[in-house]
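**Q** Mind looking over this structure? Questions follow.
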Amino acid sequence: MCLGIPGRILDVHDSAGVRMGTVDFGGVRREVCLAYTPRADVGTYVIVHVGFAITEMDEAEAERTLDVLRAMADAVESELGEPLPGRTDAG
């Protein structure tokens, strides 16, 4: 199964000439290529597929999607390599 997981960009940096960033997936953080989302910046929500941010999305839709994905824990764990932690309202 292939999933696009929503996450919020925490930082943006250059890595060997490639635009990269740290993205938070509701508590799980991963290094992500941002080359396909050149306008995305810190705080922007993006959909990530196999390590690449492929599009931007709004925060409300990202949270709804993460809630659904938490309900599908096995699929998310397969994609990210670990389960999403429970939702926190601190942000």
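**Q** Calculate the translational D of segment 1-85 in whole µm² s⁻¹ from Stokes-Einstein, where the hydrodynamic radius comes from the Kirkwood formula applied to all Cα pairs, the temperature is 37 °C and the viscosity 0.692 mPa s.
**A** Answer, rounded: 260 µm²/s.
**Q** Residues of the chain: accessible area per residue at 1.4 Å, in Å²?
**A** Result: 57 Å² per residue.
**Q** Related question: Normalising by the residue count of segment 1-72, find the relative contact order in percent from Cα pairs under 8 Å and 6+ residues apart.
**A** For segment 1-72, the relative contact order is 30 percent.
**Q** A further question on this structure: Taking only DSSP H segments of four or more residues, each worth -39500 (n - 2.57), what value at 222 nm results for the chain once the sum is divided by all its residues, to the nearest 500 deg cm²/dmol?
**A** Value at 222 nm, helices only: -7000 deg cm²/dmol.
**Q** Still on this structure, please answer the following. Multiplying the sequence separation of Ile54 and Arg30 by 0.36 nm and subtracting their Cα-Cα distance, what value in nm do you get?
**A** 7.2 nm
**Q** Let me ask you something else. May I ask you to evaluate 6.51 cos²θ - 1.76 cosθ + 1.60, the Karplus curve with θ = phi - 60°, for each residue of segment 57-64 and list the ³J(HN,Hα) values in order in whole Hz, giving x for glycine and proline?
**A** Result, rounded to whole Hz: 8, 7, 4, 4, 5, 4, 5, 4.
**Q** Also, quick follow-up: Please get the size of the charge dipole for segment 14-70, origin at its Cα centre, with Cβ charges of +1 on Lys and Arg and -1 on Asp and Glu, quoted in debye to the nearest 20.
**A** 220 debye
**Q** How large a share of the accessible area of the chain, in percent, is made up of carbon and sulfur atoms when the probe is 1.4 Å and the other protein chains stay in place?
**A** 52 percent
**Q** Using each residue's phi in segment 15-25, evaluate 6.51 cos²θ - 1.76 cosθ + 1.60 at θ = phi - 60° and report the 3J(HN,Hα) Karplus result to the nearest Hz, with x for Gly and Pro.
**A** Using θ = phi - 60°, the values come out as 10, 6, x, 10, 6, 10, x, 9, 10, 9, 9 Hz.
The values are calculated or read from the model by the stated rules, or taken from the named source; none is laboratory data. This one's a predicted model, so the numbers in the text were calculated from it and none came from an experiment. Positions of Cβ are generated from backbone atoms using ideal geometry, with glycine treated the same way; all protein chains shown enter the neighbour counts. Calculation scope for accessible area: heavy atoms of the full protein, side chains included, ligands and nucleic acids excluded. Shrake-Rupley method; radii C 1.70, N 1.55, O 1.52, S 1.80 Å.
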